[in-house]
1. Out of the total accessible area of segment 1-45 (probe 1.4 Å, heavy atoms of protein only), what percent is carbon and sulfur?
2. Between segment 1-26 and segment 52-93, what's the alpha-carbon centroid distance in Å?
3. Amide H neighbours of M6 under 5 Å, counting only residues 5+ apart in sequence or on other chains, H built in-plane at 1.01 Å?
4. Quick one: which of 61-67, 11-17 comes out on top by average Cβ neighbours within 10 Å, and what's the full order, highest first?
5. How high is the relative contact order of the chain, in percent, counting Cα pairs under 8 Å that sit 6 or more residues apart?
6. Looking at the calculated P(r) for segment 6-60, what percent of the C-alpha pair distances fall above 14 Å?
7. Would you be so kind as to identify which of I82, L41, G56 lies farthest towards the positive end of the dipole of the chain, taking Lys and Arg as +1 and Asp and Glu as -1 on Cβ and the Cα centre as origin?
8. What number comes out for accessible area per residue over the chain if the probe is 1.4 Å? Units Å², please.
Amino acid sequence: MYFGEMNGHMREGLGVVITRSSCFEGLFKNNNKHKGSELNLSGLYKGDFKNEKKEGTGEFTWINGEYYIGDWVDGHRHGSGIWTNKNGDSYNG
């Protein structure tokens, strides 16, 4: 379900998408997520999107408290970033 700005029949501008397993709030371009926050059963992602996937710079916090801040490609961590485990130990790479 989508609530937000439209351009014709396309999502464009600020909006919210709610599904059974996730909620996204942010900016849409050309009917796709562009930048915002997405909460799902695994945790919370804040950052850039491309083609409905995490892409660019962003941070993900898992429900167990671990988090990653860095680069994303095609929905996966990729490139440089910092991962911090639930004990507070950080790994840079």
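1. 57
2. Going from one Cα centre to the other spans 25 Å.
3. For M6, the qualifying residues are E12.
4. In descending order of packing, they fall as 11-17, 61-67.
5. 14
6. So the pairs more than 14 Å apart make up 49 percent of the total in segment 6-60.
7. The Cα lying farthest towards the positive end belongs to L41.
8. Ligands and nucleic acids excluded, the result is 66 Å² per residue.
The values are calculated or read from the model by the stated rules, or taken from the named source; none is laboratory data. Every value quoted in this text rests on a predicted model; they were computed, and no experiment measured them. Please note: Cβ atoms are built from the backbone with ideal geometry, for glycine as well, and neighbour counts cover all protein chains shown. For accessibility, only protein heavy atoms count, side chains too; no ligands or nucleic acids. Shrake-Rupley method; radii C 1.70, N 1.55, O 1.52, S 1.80 Å.
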